[in-house]
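Pasting a structure below so you can have a look.
No lab work stands behind these numbers, since they all come straight from the coordinates. A quick note: this is a predicted structure, and the numbers were derived from the prediction, not measured. Glycine gets a Cβ as well: all are built from the backbone with ideal geometry, and neighbour counts include every protein chain shown.
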């Protein structure tokens, strides 16, 4: 079994920024969804897509600005599960080409 360690700065950002933004529009986020989102952020650093935390957090902020609107259009105020979080990442990037799957070449 492989255990993935999520660094506190990424989990903290999700817990502080993302949860707050989505609660502000009436959406709760499950623990697995929060963990997955934090791991996606952490992976951007581990894979060298971004090189500095400041750049990562700026990209994440850019993404968050669009993500709440996209989520509400897709799911209304239903709780964000891990499957919905994955779908949100893909759909938001298809529309806005932002973090985490913007161009990385």
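Can you show me the helix-derived [θ] at 222 nm for the chain, built from DSSP H runs with n ≥ 4 at -39,500 (n - 2.57) apiece and divided by the number of residues, rounded to the nearest 500.
On the way: 5 runs with 66 residues, N = 105.
The helix contribution divided over the chain gives -20000 deg cm²/dmol.
Taking R0 as 25 Å, what FRET efficiency do you get between residue 53 and residue 96 from their Cβ-Cβ distance, rounded to the nearest 0.05? Mind dumping the intermediate values first?
Numbers: r = 22 Å, r/R0 = 0.87.
Here the calculated transfer efficiency is 0.70.
Given an 8 Å cut-off on Cα distances and at least 6 residues of separation, report the relative contact order of region 1-68 as a percent.
Working: 36 pairs, mean separation 23.5, N = 68.
With pairs under 8 Å counted, the relative contact order is 35 percent.
On to the next question. Under a crude label model (7 Å from the Cα following the beta-carbon direction), how far is residue 73 from residue 5 in nanometres?
4.0 nm
Further, regarding this structure: Per-residue counts of other Cβ atoms within 10 Å, averaged by peptide: what ranking do you get for 34-41, 51-58, highest first? Intermediate results must be reported in sequence, preceding the final value.
Numbers: 34-41: 20.9, 51-58: 13.5.
Final packing ranking: 34-41, 51-58.
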